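One structure is given here, and the rest of the page talks about it.
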Amino acid sequence: MYNGLGGQVGNSIQALENDYPQFDFLGLSHKELDLREADKIDQLFEKYKPSFFLQIAAYTAVDKAETDIDDCRLINAISTNIIAKACKKHQVKMVYVSSDYVYHSTVGSPIKETDANEPKGVYAITKLEGEIAIQNNLDNYYIFRTSWVYDSFGQNFVNTMVRLGNKLDHLKIVSDQIGTPTYAPDIAKSIMEVVQQNIEKSVKHYGVYNLSNQSTTNWASFAEEIFVREKIQCEITGISTEEFGAKAPRPKWSVLDCTKIKLTFGIELPTWNESLQTCLDNRSKE
């Protein structure tokens with residue numbers, strides 16, 4: 001059972017259903033499980049008796065969250081706590097997709113799961129609160145911290161750049177935030193690989209894992225690569241985070257060390273360059 005159908009990772013999970021015929025999938029959309037009414041999860045557990053619950057849905061409007069504090073906390077933290085309690089009651093294993101924002105690191109070297117959490121901004125703080133709620137209630141959980149998520153169809157950086165690049169001659173893009181764009185289908189495949197190993201091979205190793213594509217870039221360079229591959233004629237000027245002036249603080253360093261998931265489950269995602277091409281190829285098929 002997974003919550004977040006309609007979102008980038010949720011739809012990517014749905015696309016994998018035929019690859020795992022041994023499992024019964026139940027994807028829940030906003031209409032079926034509004035995270036503002038997360039107590040209804042107990043009824044769903046009673047009805048379907050899932051082995052795993054994948055909590056993929058989240059409040060991700062980072063800037064809006066700075067003024068929409070109560071709703072962001074309700075969705076990312078309070079409802080996650082309710083779901084975790086229900087998982088404990090019904091002995092359901094839980095997966096939670098979290099964010100590089102919980103680190104907000106400036107160390108300059110790949111961030112390990114054991115590095116300090118210093119979230120800044122409402123979104124970041126509530127994502128960490130969601131993690132803590134799970135850890136306080138459960139032993140059987142996987143928390144996957146990922147970064148710069150995009151896919152071929154949703155509202156994300158790649159699709160925004162293609163749209164704006166085809167409309168404008170010049171764009172100013174932040175160039176001092178370093179991280180790794182991560183393709184949503186790669187996240188979904190990794191989650192299902194862990195679930196499969198847990199159920200079929202009894203490989204447990206519960207805990208927190210970084211999960212992102214490999215290699216690094218910045219937002220301006222990412223946009224330039226998109227334009228080159230899509231043959232878009234649009235000039236880019238790199239600007240600072242301060243010049244951009246977003247409401248919510250952004251981590252300037254979000255390079256995740258994914259050694260743990262590689263050594264534990266044998267999972268190593270492609271480079272962001274490779275996955276970007278896959279994404280653009282899939283866009284062209286739509």
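The values are calculated or read from the model by the stated rules, or taken from the named source; none is laboratory data. None of these values were measured; they are calculated from a predicted model. Cβ atoms come from the backbone with ideal geometry, glycine included; neighbour counts cover every protein chain shown.
Look through the stretch 224-233, keep the residues that are in contact (Cβ under 8 Å) with a residue 40 or more places away in the chain and in a helix (DSSP H, G or I), and return whichever of them is surrounded by the most Cβ atoms within 10 Å (Cβ to Cβ).
Checking each candidate, the answer is Ile226.
Can you name the condition, by its number, that Gly238 falls short on among (1) over 21 Å from Lys112 (Cβ atoms); (2) not in a strand (DSSP E or B)?
Single failed check for Gly238: (2).
When the residues of the stretch 133-147 are filtered to those that are in contact with a helix residue (DSSP H, G or I) (Cβ under 8 Å, 6 or more places away or on another chain) and in a helix (DSSP H, G or I), which remaining residue is surrounded by the most Cβ atoms within 10 Å (Cβ to Cβ)?
If we take residues in the stretch 133-147 being in contact with a helix residue (DSSP H, G or I) (Cβ under 8 Å, 6 or more places away or on another chain) and in a helix (DSSP H, G or I), then Ile134 is surrounded by the most Cβ atoms within 10 Å (Cβ to Cβ).
So which residues in the stretch 234-258 are surrounded by fewer than 15 Cβ atoms within 10 Å (Cβ to Cβ) and in contact (Cβ under 8 Å) with a residue 60 or more places away in the chain?
Hits for the stretch 234-258 are Glu235, Thr237, Ser240, Glu243, Ala246, Lys247.
Could you check the stretch 31-68 and list, in sequence order, the residues that are more than 21 Å from the chain's Cα centre (by Cα) and hydroxyl-bearing (Ser, Thr, Tyr)?
Scanning the stretch 31-68 gives Tyr48, Ser51, Thr67.
Report, by residue number, each residue of the stretch 196-223 that is surrounded by fewer than 20 Cβ atoms within 10 Å (Cβ to Cβ) and in a helix (DSSP H, G or I).
Those that are surrounded by fewer than 20 Cβ atoms within 10 Å (Cβ to Cβ) and in a helix (DSSP H, G or I): Gln196, Gln197, Ile199, Glu200, Lys201, Ala220, Ser221.
Given (1) modelled with pLDDT of 95 or more; (2) under 14 Å from the mean Cα position of the chain (by Cα), where does Gln155 come up short, assuming only one miss?
(1)
Hey, can you tell me all the residues within the stretch 122-155 that are farther than 26 Å from Phe222 by Cβ and aromatic (Phe, Trp, Tyr)?
Tyr141, Tyr142
Looking at Ala86 and the list (1) within 18 Å of Lys40 (Cα to Cα); (2) surrounded by fewer than 24 Cβ atoms within 10 Å (Cβ to Cβ); (3) modelled with pLDDT of 95 or more, which single condition is not satisfied?
Going through the list (1) within 18 Å of Lys40 (Cα to Cα); (2) surrounded by fewer than 24 Cβ atoms within 10 Å (Cβ to Cβ); (3) modelled with pLDDT of 95 or more, Ala86 breaks only (3).
Any residue in the stretch 63-78 that is within 23 Å of Asn136 (Cβ to Cβ) sitting within a Cβ distance under 6 Å of a residue that is aliphatic (A, V, I, L, M) and modelled with pLDDT under 95? List the pairs, counting only those 6 or more apart or interchain.
Ile75/Leu35; Asn76/Ala58
Pairs needed: first member in the stretch 192-206, among the hydroxyl-bearing types (Ser, Thr, Tyr); second member anywhere, surrounded by fewer than 17 Cβ atoms within 10 Å (Cβ to Cβ) and outside any helix (DSSP H, G or I); C-beta distance under 6 Å; at least 6 residues apart or different chains.
So the pair list comes out as Tyr206/Asn140.
One residue is enough: does the stretch 31-40 have a residue meeting the conditions loosely packed, with under 15 Cβ neighbours inside 10 Å and at pLDDT 95 or above?
no
In this structure, does Glu129 turn out to be more than 23 Å from Glu193 (Cβ to Cβ), surrounded by fewer than 16 Cβ atoms within 10 Å (Cβ to Cβ) and out of contact with any Gly (no Cβ under 6 Å at 6 or more places or on another chain)?
Answer is no for this residue.
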